[in-house]
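*Asks:* Before anything else, here's the structure in question.
Derivation of every value follows stated rules applied to the coordinates shown; laboratory data play no part. Just so we're clear, the structure is a prediction, and the values are computed from it rather than from any experiment. All Cβ positions, even for glycine, are placed from backbone atoms using ideal geometry, and neighbour counts span all protein chains on display.
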Amino acid sequence: MEEYSWYDAFIEELYEQYPKKAQLAEELMNLLCIEREAAYRRLRKEVVFPIHEIVKIASAWNISLDGISGINSGLVPFQMQPLNYVNPSNKEMINLKNRVKALEHFEISPDAEYMEICNKLPRPIYIRSMTLYRFEIFKWLYLYNTDKTSVPYSQVIIPEKICQQFEGYIKNISNIKNSSFILDPMIFEHLVSNVQYFNSLLLISDDEKEQIKNKLYEMLDYLMAIAARGCYPNTESKVNLYISQLSINTNYSYYFTEKLKSCRVHAFGKFDICSYDLEMVNNFKNWMNLKKRSSVQISEANEMKRIEFFSKQRKVIDGL
């Protein structure tokens, strides 16, 4: 076949996703619904990936075709990554598994950075509690369930195949060498008011409200341990914790290593709008770090502010 430098770069990008050829072939078989030999023929470049397969792979594995081809369209590509958390499709599960697996690269990269600015508990924190994670899914269903049926908290069931991804996500995110979180000063007030609202609608029972309250105390203690030590207790990976002096309107984040870079806006409760455009990721990185100017660091520093913040949050939870 005729040699195209962009095509070689595309093949190399596939091996970045799955360095072992056998695993890469397996993933291509599942994604493209092709036979094993057909997958290997494409990887040996005996057969060229058809354009519709290239687009499908790029979409599923978050590969920037602009970056590979060297074409600058002048537009910044963002992708919505929706996921039905109670009834995910096969495609959505493949995307979720790929996202969790991609974090393995950040785990082994000494220069890896993760930063999130939050008006609600960040995902790496609340996902450690099934009770709080279930509440997030319940709230998402209430707000965005298209059949307009209010499902009570007691009837929200997280599929086992999604729960199975938690362990890998928690392990990998905890091993990122340097993480930073900037929290809205009213982060627990927002959460408590949400629980109280749903309790008033009888969608959360008094017993369930008490369960959530206890888990919030546990999560507060976990955050306090992180703030005091400046790291995740289980991995000792660096964590910088800040409290914003200004309100925050949504959660947004970036991942950054030498090889893999992305930025995300966490929209519609549980969906991510993400970009892998290098210029935009660098802009996110710069903008988000500027937010530290209007924030107070409470990890490993400013013990008085740290005690003041956590004491206030405990009183907020007491009122639930």
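*Asks:* Taking springs between alpha-carbon atoms closer than 10 angstrom, which of TYR197, TYR153, TYR255 fluctuates most in the Gaussian network model of the chain?
*Replies:* TYR197
*Asks:* Quick one: helix 90-108 against the long Cα principal axis of the chain, what's the angle to the nearest 10°, folded into 0 to 90?
*Replies:* On a 0 to 90 degree scale, this one is about 80.
*Asks:* Excluding same-chain residues fewer than 8 positions from LYS215, which aspartates and glutamates have a Cα within less than 16 Å of its Cα?
*Replies:* Correct list for LYS215: GLU136, GLU189, ASP206, ASP207, ASP318.
*Asks:* Let me ask you something else. Starting at the first residue of region 82-87, write each ³J(HN,Hα) from the Karplus equation 6.51 cos²θ - 1.76 cosθ + 1.60 with θ = phi - 60°, in whole Hz, x for Gly and Pro.
*Replies:* Taking θ as phi minus 60°, the curve returns x, 8, 7, 6, 10, 8 Hz for region 82-87.
*Asks:* Once amide H atoms are built 1.01 Å from N in the peptide plane, which residues 5 or more positions from SER237, or in another chain, come under 5 Å H to H?
*Replies:* TYR232
*Asks:* As a footprinting exposure proxy, order MET93, MET80, MET115 by other Cβ within 10 Å, with the fewest listed first.
*Replies:* Exposure proxy ranking, most exposed first: MET80, MET93, MET115.
*Asks:* Also, quick follow-up: Quick one: which residues, 5+ away or cross-chain, put their amide H under 5 Å from the amide H of ALA267? H built at 1.01 Å from N.
*Replies:* ASP272, ILE273
*Asks:* For ILE307 and ILE158, calculate 0.36 nm times their separation in residues minus their Cα-Cα distance, and state this gained length in nm to one decimal.
*Replies:* Full extension of this stretch gives 50.1 nm more.
*Asks:* Rounded to the nearest 10 degrees, what's the angle between the helix 278-290 long axis and the longest principal axis of the chain, both from Cα atoms, 0 to 90?
*Replies:* 20
*Asks:* Using a 10 angstrom cutoff on alpha carbons, build the Gaussian network for the chain and name the most mobile of GLU218, GLU303, GLU37.
*Replies:* GLU37
*Asks:* Given a Förster distance of 45 Å, report the FRET efficiency between SER150 and LYS259 from their Cβ-Cβ distance, rounded to the nearest 0.05.
*Replies:* E(calc), rounded to 0.05, equals 0.50.
*Asks:* Residue-wise, which Karplus ³J(HN,Hα) couplings in Hz belong to region 156-171, taking 6.51 cos²θ - 1.76 cosθ + 1.60, θ = phi - 60°, and x for glycine or proline?
*Replies:* Listing the rounded values in order: 7, 10, 8, x, 4, 5, 7, 4, 5, 7, 4, 4, x, 4, 4, 4 Hz.
*Asks:* Would you please give the FRET efficiency between TYR222 and LEU202, computed as 1/(1 + (r/R0)^6) with r the Cβ-Cβ distance and R0 = 22 Å, to the nearest 0.05?
*Replies:* Using R0 = 22 Å, I get an efficiency of 0.15.
*Asks:* Then there is this: Rounded, prolate or oblate: which fits region 79-318, taking a ≥ b ≥ c as square roots of the Cα gyration tensor eigenvalues, rounded meaning a/c under 1.5, else prolate when a/b beats b/c?
*Replies:* Here region 79-318 falls in the oblate category.
*Asks:* Here's another thing I want to ask about it. Helix-only mean residue ellipticity at 222 nm, the chain, DSSP H runs n ≥ 4 weighted -39,500 (n - 2.57), per residue, nearest 500. What is it?
*Replies:* On the way: 13 runs with 169 residues, N = 320.
Computed mean residue ellipticity for the chain: -16500 deg cm²/dmol.
*Asks:* Looking at this model, which pairs from LYS20/LYS45; LYS101/LYS213; LYS97/LYS120 are more than 27 angstrom apart at the alpha-carbon?
*Replies:* Pairs exceeding the cut-off: LYS101/LYS213.
*Asks:* Using only Cα atoms and rounding to the nearest 10 degrees, what angle (0 to 90) does helix 21-32 make with the longest principal axis of the chain?
*Replies:* 80
*Asks:* In the Gaussian network model of the chain, springs joining C-alpha atoms below 10 Å, which of ILE187, ILE176, ILE117 carries the largest mean-square fluctuation?
*Replies:* Largest GNM mean-square fluctuation: ILE187.
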